[in-house]
Amino acid sequence: GGVGNNVSFKGLNLDFLLQFTRQTAVNPLVNYLNNAGGLTNLPVEFDSRWRNMGDQTNIQKMFYIKPFDYLLGAQNAAASGFGYVDASFIRLKNVVLSYQFPDAISKHLKIRSAQVYIQGQNLWTITSYKGFDPETLSMNSMPQLRIVTTGLKITF
């Protein structure tokens, strides 16, 4: 879903879109379970993995599986409660703040109109999802980019 609004006051205009999604997704940490001894760093969550009898944690014991062997550990974890997580999020998707100069200033500058603006996309996200981006849910692509644009629009 989403909530958008446009508020104007004396030449100042604010336009925004707040996006929200409630969803469940595959836990991105499952991809790391068979990586012990591999050549990549592990997320900080694996510091609390199971190591000794009596340990209380939701992350299983790490083990290394030779390349091309069956990835049993990740498959078992994916089928358990660890395999799925809440990937809900709230994101400030778009914001535009602009100022339309008064007609008196435009006439003085011998132009029809002038406006200055700043626009932002994907500025702020609230989520507990541990992957790159809760909207795309991909561990193989970049998250949505944060973009900020400023400009001056002049009509002659």
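The values are calculated or read from the model by the stated rules, or taken from the named source; none is laboratory data. Computed from a prediction, not measured in an experiment: that's the story for all the values here. Don't worry about glycine lacking a Cβ; one is built from the backbone with ideal geometry, like all the others, and counts go over all protein chains shown. Ligands, DNA and RNA are excluded from the accessible area calculation, which covers all protein heavy atoms including side chains. Shrake-Rupley method; radii C 1.70, N 1.55, O 1.52, S 1.80 Å.
Which ones in segment 70-95 are modelled with pLDDT of 90 or more and not acidic (Asp, Glu)? Across segment 70-95, the qualifying residues are VAL85, ALA87, SER88, PHE89, ILE90, ARG91, LEU92, LYS93, ASN94, VAL95.
Can you tell which of SER98, SER8 is outside any helix (DSSP H, G or I), open to solvent by less than 70 Å² (accessible area, probe 1.4 Å) and modelled with pLDDT of 80 or more?
Numbers: SER8 fails: open to solvent by less than 70 Å² (accessible area, probe 1.4 Å).
Exactly one residue qualifies, and that residue is SER98.
Inside segment 113-147, residues that are under 30 Å from GLY11 (Cα atoms) and exposed (fewer than 11 other Cβ atoms within 10 Å of the Cβ) make up a count of 1. If you go through segment 20-46 and keep only what is open to solvent by 50 Å² or more (accessible area, probe 1.4 Å) and at pLDDT 80 or above, you end up with PHE20, ARG22, THR24, VAL26.
Figure legend. Inter-residue proximity from segment 1-29: first residues in contact (Cβ under 8 Å) with a residue 60 or more places away in the chain and hydroxyl-bearing (Ser, Thr, Tyr), second residues surrounded by 15 or more Cβ atoms within 10 Å (Cβ to Cβ) and not in a strand (DSSP E or B), beta-carbon distance below 7 Å, spacing 6+ or different chains. Indicated pairs: THR21/SER88; THR24/ALA87.
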